[in-house]
1. Pairs under 9 Å by beta carbon, first residue outside any loop (DSSP other than H, G, I, E, B) in the stretch 118-134, partner of a type in the set (Val, Ile, Thr), six or more apart or different chains?
2. So, in the stretch 249-272, how many residues would count as being buried (at least 18 other Cβ atoms within 10 Å of the Cβ), hydroxyl-bearing (Ser, Thr, Tyr) and either modelled with pLDDT under 95 or over 13 Å from Ala284 (Cα atoms) (or both)?
3. I'm told Arg199 meets every condition in (1) without any contact (Cβ under 8 Å) to a residue 60 or more places away in the chain; (2) under 24 Å from Asp149 (Cβ atoms); (3) assigned by TED's automatic domain parsing to the domain that holds Asn253; (4) in a helix (DSSP H, G or I) except one. Can you identify the failing condition by its number?
4. How many residues are crowded, with 22+ Cβ neighbours inside 10 Å, touching a residue at least 60 places away in the same chain (Cβ under 8 Å) and assigned to a loop (DSSP other than H, G, I, E, B) when one looks only at the stretch 274-295?
5. Pick from Gly10, Gly54: which is within 24 Å of Arg199 (Cα to Cα) and either small (Gly, Ala, Ser) or in the same structural domain as Val140 (by TED's automatic domain parsing) (or both)?
6. Determine which single condition Ala215 fails, assuming it passes every other condition in (1) assigned by TED's automatic domain parsing to the domain that holds Ala321; (2) crowded, with 20+ Cβ neighbours inside 10 Å; (3) of a type in the set (A, V, I, L, M).
7. Could you list, in sequence order, all residues of the stretch 141-164 that are out of contact with any Gly (no Cβ under 8 Å at 6 or more places or on another chain) and assigned to a helix (DSSP H, G or I)?
Amino acid sequence: MKIAIIGSRGYPIVYSGYETFVRELGERLVRSGIGVTVYCHRNLFRKRPRELNGIRLVYVPTIEKKILSQFVHSLQSMLHACFGGFDVILVVNSANGPFGLLARIFRRSTVINVDGLEWLRPKWRGLGARYFHWASRMAVRLYDRVITDSSEMQKIYRQEFNAESTMIAYGANIPPPADPGLLGKWGLQPRGYYLVVGRLVPDNNADLIAREFAASASQRKLVIVGDVPYRDCFAENLQGSSDPRLVFTGYVNDPDELEALLQHCHAYFHGHEFGGTNPVLLQALANGCAVCALDTVFNREMMLAGEYGLYFAKKTGDLAARIGEMEGDEALLNGLRRKAPQRIRDVYSWESITAQYRRLFAEIADGKNAEPQP
């Protein structure tokens, strides 16, 4: 079987959840005997091997503009893949919904992973939000299969677009114990800080978390990992806080350092508001964090309605009260830390996720090759 993957920046780079998904899934598919081709942004690669770790790589040029880059790249990649003899073309990102029309014209079997509710994110106000909503509607009409990464997202696509989808979650790996000595880079001590990880954008609610922490009586620090790759008033206002307990690390690209920050925090705050199965929350659970997450249907699904973490509401005083509770209940946090990795083993391991994709691809390929019934 031969699979093409379109819509990420490429392989083996890792910028976001899409690239991690391509790496984790692609390498495992190759080890199981499936041929995998990944379409890459040519301008992001100085070295361009034709194959790496068994994955075939195709480098496609694009217009190097933020708004047009992925759109133009996906359009050209889909057109190329339609003539590549693939059994299934896997596309990531609902923004690529309209390109399913090309595959329909050339009678290619397709799957699209639509990810989250992009049209609700504040950064896509106006025309951007309308495009994402329209593109998602096109995705459910033009692709053979739509993948949603949580049961709650599956419900939303059913209600919003009257469309059924296949639910396959995102995955995570459970890492080995991390060196607490790596915390010295930021002057931190194990269990001496709370942690937030994510892009500094409004829908991740780092500003809410920082305000609630500032209102608490905690003597610990709040470490905020992340940034945005452009000048932004929201991020600059947040980083300009005068509270000496706040520590801004910027991006942490070393996986060992990030795992050390996760494994040795007192608790991890997760404020992501939109999307299905969130990669950062999975990473926190995999690293044995005591998690306190914004109360959304997605976070409740991931933490099994409170079995694997705590929740806070998006209202003044709620998280500050939670912080007060966590300051005085070490037994509660230790229990959550011990249990957290089991959630990954039970539901979100990459081995399990890959097996579900393999079954889906085989089902599609078998259906395509089946003899028509009289």
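The values are calculated or read from the model by the stated rules, or taken from the named source; none is laboratory data. These numbers were taken from a predicted model, which means no experiment stands behind them. Here the Cβ positions follow ideal geometry from the backbone for every residue, glycine too, while neighbour counts run over all protein chains shown.
1. Pro122/Val201; Lys123/Val201; Gly128/Ile67
2. Filtering the stretch 249-272 for residues buried (at least 18 other Cβ atoms within 10 Å of the Cβ) gives 249, 252, 257-272.
Still in the list and also hydroxyl-bearing (Ser, Thr, Tyr): 249, 268.
Filter again for either modelled with pLDDT under 95 or over 13 Å from Ala284 (Cα atoms) (or both), leaving 249.
Residues meeting the conditions: 1.
3. Among (1) without any contact (Cβ under 8 Å) to a residue 60 or more places away in the chain; (2) under 24 Å from Asp149 (Cβ atoms); (3) assigned by TED's automatic domain parsing to the domain that holds Asn253; (4) in a helix (DSSP H, G or I), the lone unmet condition for Arg199 is (4).
4. Residues meeting the conditions: 6.
5. Gly10
6. It fails just one condition, (2).
7. Ser151, Gln154, Lys155, Ile156, Tyr157, Arg158, Gln159, Glu160, Phe161
Results for (1) within 19 Å of Leu142 (Cβ to Cβ); (2) assigned to a helix (DSSP H, G or I); (3) without any contact (Cβ under 8 Å) to a residue 40 or more places away in the chain; (4) in contact with a Ser or Thr (Cβ under 8 Å, 6 or more places away or on another chain), shown as yes or no for each residue.
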position	(1), (2), (3), (4)
Ile5	yes, no, no, yes
Val14	no, no, yes, yes
Arg23	no, yes, yes, no
Ser77	yes, yes, no, no
Gly85	no, no, no, no
